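A short worksheet on the structure shown next.
The values are calculated or read from the model by the stated rules, or taken from the named source; none is laboratory data. As the structure is a computational prediction, the values presented were derived from the model and not from experiment. For neighbour counting, all protein chains shown are included, and Cβ atoms are generated from backbone atoms with ideal geometry for every residue, glycine included. SASA here: full protein model, heavy atoms, side chains in, ligands and nucleic acids out. Shrake-Rupley method; radii C 1.70, N 1.55, O 1.52, S 1.80 Å.
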Amino acid sequence: MQNTKPTSKMFLDIVGELRLMIKAEGIEIGDKLPSERVLAERLQVGRSTIREALRSLELLGLIETRRGEGTFLGDFKKHQLVEVLSTFIMQQPDSAKDARETRIIHEKAAIQSICKNPQKQQLPVWKSLLVRLQEEGSILREDIVREMIVATDNRLSLKIWFLLKQYSRVPYGKMTEMNETQIMNALLENLISGRVLKALESYEQWIEKIEGEE
């Protein structure tokens, strides 16, 4: 049977077709995938193209090749995307700066999304964070920003944010300090009230303060 599609099919196209095939056939984690030959015939690409796609997926930890046995579907929850990004992408001189700027874009967009949506403004989490600040005097920095991203209901944005957070070297893993309390109170109260400009102003003041620690 002759291939009717170009062998130069893009990697993402192949990955997309593999994903659809895995879903359609009910292939589960640990199940064996079809051979390179079978995949090449079904996806109508050259075996070398399939081999390169599988090699990339194995690098990410999404599949596992066992010598003499074949290729098996891996646990995507344990994939090595972070390590791959660190090795191949984040080694460029401007990578940390770019990650920081992109992270801030996501965080500001989350603030705007919350302030423009009355339902998101009234989420119980904001008042809960306020109470914790007032009663305990400190909360984990990451809790505040993560909840803002979660409130957007955008899972892709959340996944991207987790990666950007790691590579932009922002000190979100620390507890808030006394000199942050007033700013954080203002940020949360402005989220609840939907005052987008004030909320963004508080956020920018806070970021400048905690990044100044580094």
Among (1) surrounded by 15 or more Cβ atoms within 10 Å (Cβ to Cβ); (2) at pLDDT 90 or above - the single one Gln166 does not satisfy
(2)
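Among Lys165, Lys120, which is the only one that is over 20 Å from Arg100 (Cα atoms), assigned to a helix (DSSP H, G or I) and among the basic types (Lys, Arg)?
Lys120 is the lone residue from the list that is over 20 Å from Arg100 (Cα atoms), assigned to a helix (DSSP H, G or I) and among the basic types (Lys, Arg).
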Meets criteria (modelled with pLDDT of 95 or more, more than 15 Å from Leu140 (Cβ to Cβ) and under 24 Å from the mean Cα position of the chain (by Cα)) for Leu191
yes
Residues of the stretch 31-43 being within 30 Å of the chain's Cα centre (by Cα) and open to solvent by 40 Å² or more (accessible area, probe 1.4 Å), which ones?
Asp31, Lys32
Would you confirm, using the coordinates I've provided, whether Ile149 is touching a residue at least 60 places away in the same chain (Cβ under 8 Å) and open to solvent by less than 30 Å² (accessible area, probe 1.4 Å)?
no
Checklist (1) at pLDDT below 85; (2) surrounded by 16 or more Cβ atoms within 10 Å (Cβ to Cβ); (3) under 19 Å from Ser157 (Cα atoms) applied to Leu81, failing item:
(2)
Any idea which of (1) modelled with pLDDT of 65 or more; (2) assigned to a helix (DSSP H, G or I) is the one Ser86 doesn't satisfy?
(1)
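Every residue in the stretch 52-63 that is open to solvent by less than 90 Å² (accessible area, probe 1.4 Å) and not aliphatic (A, V, I, L, M), please.
Keep residues of the stretch 52-63 that are open to solvent by less than 90 Å² (accessible area, probe 1.4 Å), which gives 53-54, 56-58, 60-63.
Ser56, Glu58, Gly61, listed by residue number.
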Checking the structure you have, find out if any residue of the stretch 114-133 is open to solvent by less than 20 Å² (accessible area, probe 1.4 Å) and closer than 28 Å to Ser95 by Cβ.
no
Among the candidates Leu197, Leu187, residue that is on the phi < 0 side of the Ramachandran plot and open to solvent by less than 50 Å² (accessible area, probe 1.4 Å):
Leu187
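I'd like the residue in the stretch 169-184 that is open to solvent by 80 Å² or more (accessible area, probe 1.4 Å), out of contact with any strand residue (DSSP E or B) (no Cβ under 7 Å at 6 or more places or on another chain) and not in a helix (DSSP H, G or I) and, out of all such residues, is nearest to Ser95 (Cα to Cα).
Quick first cut of the stretch 169-184, residues open to solvent by 80 Å² or more (accessible area, probe 1.4 Å) only: 169, 174-175, 177-179, 182.
Keeping just the survivors that are out of contact with any strand residue (DSSP E or B) (no Cβ under 7 Å at 6 or more places or on another chain) gives 169, 174, 177-179, 182.
Now restrict to residues that are not in a helix (DSSP H, G or I): 169, 174, 177.
Numbers: Arg169: 11, Lys174: 23, Glu177: 29 Å.
For the stretch 169-184, the residue satisfying everything is Arg169.
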